[in-house]
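Computed from the coordinates by the stated procedures, all read-outs in this text should not be read as laboratory data. Bear in mind that the values here come from a model prediction, so they are computed numbers and not experimental data. Cβ: placed from backbone, ideal geometry, glycine included. Neighbour counts: every protein chain shown.
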Amino acid sequence: MADLNHPFEALADLPGASFAAVRLMILAQAKSSGLTVLEDAQQALTIETPQGVVGLRPGKTCDVAVMVGARDDRALFALKGAVVAQISQVMPDIANTLRWSDDPAQRTLPPNFQFMRATRVEAVGSVFLRVTLAGDDVSAHQDRSIHFRLVLPPKGQEPTWPSVAPNGSIAWPDGEQALHRPVYTARAVDHDNHTIEVDIFVHEGGRVTEWARELEVGDLERSVIGVVGPSGGGLLDADHVLMASDETGFPAVARLLEGLPASATGTLLLEAEHGAACHYPLPAHQGLSVQWLSRARGEHLGEATLSALGAQADASVWFAGERSDAKRVRDRAKELGVPQDRLRVSGFWRAPDEIVAAAE
């Protein structure tokens with residue numbers, strides 16, 4: 001039975017799986033992600049996530065079933081997708097045949113997907129374009145989850161949009177119809193006018209950069225795009241912070257600074273090609289000291305963050321940047337004993353030499 005905080009609920013049997021084995025897998029994931037265990041009993045496990053709850057219950061046709069519960073159908077669908085993705089890594093056969101008790105309609109648009117239209121483009125600083133997206137309903141985009149997927153169709157083709165797969169996850173088109181779906185931060189949300197502002201870091205070779213430049217010159221062929229979400233973490237509630245980011249995370253930094261308690265203290269490290277000359281507008285916070293780093297001068301975000309970590313191991317750490325740097329920061333923070341619930345580290349992109357090394 002669904003609780004009042006999570007009125008939308010669904011279960012799916014896991015034939016061939018044992019309660020004990022799946023319980024250990026979920027608890028390990030919860031620990032690594034800093035999630036709260038609400039219930040851990042003989043036949044029931046409940047974990048709290050930003051989107052709702054996930055856990056285990058007795059199965060209808062077997063020993064164990066996975067359970068998800070959420071405040072609305074969009075969050076419920078997102079949780080189902082996360083569960084399917086996790087199970088796919090260890091039990092792919094079960095993941096493919098998973099069926100949910102609420103019997104989701106197939107071949108329809110996913111509940112957490114909506115069409116939005118780009119209505120305005122403007123330059124922000126010297127290396128960002130701000131795109132305003134208008135839709136029917138942005139009520140789900142709140143401070144508890146500030147990211148989303150921008151779903152961009154191929155240029156010059158009639159788009160094929162995602163649908164609901166039989167196992168409750170998103171079925172994405174592939175091949176020539178594959179959709180580009182990077183994660184972005186909702187820089188600002190206007191619930192009255194149903195709009196989201198997203199800041200695009202302009203860089204050569206970026207498919208979203210190309211799209212934003214098309215809009216800037218009045219090419220509206222792809223002005224209608226898809227949005228999936230919201231997803232990811234929310235604002236920071238911390239007394240002392242160490243935040244570090246290159247341009248890919250500046251919009252998230254700006255959103256976090258707006259929501260950071262006025263009493264918070266700490267350090268903000270920012271890397272851009274020419275440092276502060278990028279003129280990206282960031283909200284002022286009197287408790288944070290800001291240090292700009294310039295790649296043109298050989299300064300490096302990863303090294304600066306690792307150096308700052310040694311002196312600020314008591315801080316809540318938020319990092320966004322290159323993937324190998326993110327791993328080094330995460331590993332060092334754990335060595336210093338930074339608890340998982342004070343550690344949010346994301347690798348937003350991958351250096352070309354890292355891609356080559358991974359392929360060798």
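Using 0.36 nm per residue of separation minus the Cα-Cα distance, give me the extension gain between LEU336 and GLU39 in nm, one decimal.
Details: separation 297, 0.36 × 297 = 106.92 nm, distance 2.97 nm.
Full-extension gain reported as 104.0 nm.
Could you tell me the convex hull volume per residue, in Å³, taken over the Cα atoms of region 8-97? The partial results should precede the final answer.
Numbers: hull volume 7.9 nm³, N = 90.
Per residue, the Cα convex hull of region 8-97 comes to 88 Å³.
Only one of the values [x] 164; [y] 143; [z] 190 was calculated from this structure for volume of the Cα convex hull per residue in Å³; name its label.
Computing volume of the Cα convex hull per residue in Å³ and matching it to [x] 164; [y] 143; [z] 190 gives [x].
Among rounded, prolate and oblate, which fits region 1-61 when a ≥ b ≥ c are the square roots of the eigenvalues of its C-alpha gyration tensor, a/c under 1.5 means rounded, and a/b larger than b/c means prolate?
Numbers: a/c = 1.90, a/b = 1.08, b/c = 1.76.
Cα axes put region 1-61 in the oblate bin.
Return the long-range amide H neighbours of VAL317 (sequence gap of 5 or more, or a different chain), with a cut-off of under 5 Å between placed amide H atoms.
Under 5 Å from the amide H of VAL317: LEU242, LEU343, ARG344.
Given axes a ≥ b ≥ c from the Cα gyration tensor, I'd like to know whether region 224-360 is rounded (a/c under 1.5), prolate (a/b larger than b/c) or oblate.
In terms of gyration-tensor shape, rounded.
Assuming 0.36 nm per residue, please report the length gained on full extension of the stretch ALA296 to ARG213 beyond their Cα-Cα distance. Mind showing how you got there, number by number?
Values: separation 83, 0.36 × 83 = 29.88 nm, distance 2.49 nm.
Fully extending the segment from ALA296 to ARG213 adds 27.4 nm.
So what is the relative contact order of region 8-97, in percent, for Cα pairs below 8 Å that sit 6 or more residues apart?
30 percent
Can you give the helix-only mean residue ellipticity at 222 nm for the chain, where every DSSP H stretch with n ≥ 4 adds -39500 (n - 2.57) and the sum goes over all residues, rounded to the nearest 500 deg cm²/dmol? Show your work: numbers first, answer last.
Details: 8 runs with 91 residues, N = 360.
After summing the helix terms and dividing by residue count, I get -7500 deg cm²/dmol.
What's the ranking of 162-169, 201-208, 66-73, 173-180 by average number of surrounding C-beta atoms within 10 Å, highest first? Provide the component values of the computation, followed by the final result.
Numbers: 162-169: 19.6, 201-208: 14.5, 66-73: 21.4, 173-180: 12.6.
Listed from highest to lowest mean packing, they are 66-73, 162-169, 201-208, 173-180.
Excluding residues fewer than 8 places away in the same chain, name every one of the lysines whose C-alpha is closer than 24 Å to that of LYS31.
Cross-link targets: LYS80, LYS327, LYS334.
Tell me the net charge near GLY310. Cut-off is 14 Å between Cβ atoms, GLY310 excluded, with +1 for each Lys or Arg and -1 for each Asp or Glu.
Neighbour charge sum, excluding GLY310 itself: -1.
Roughly how many Å is it from the Cα centre of region 13-51 to that of region 276-294, as a whole number?
Here the answer is 41 Å between Cα centres.
Could you go through region 82-95 in sequence order and give the Karplus-derived ³J(HN,Hα) for each residue, using 6.51 cos²θ - 1.76 cosθ + 1.60 with θ = phi - 60°, rounded to whole Hz, and x for Gly and Pro?
5, 5, 4, 4, 5, 5, 4, 6, 10, 9, x, 5, 5, 4
Sorted by average packing, counted as other Cβ atoms within 10 angstrom per residue and highest first, what order do 11-19, 87-95 take?
11-19, 87-95
Please compute the Cα-Cα pair-distance distribution of region 113-231 with 10 Å bins starting at 0, giving whole percents from short to long.
13, 46, 34, 7, 0
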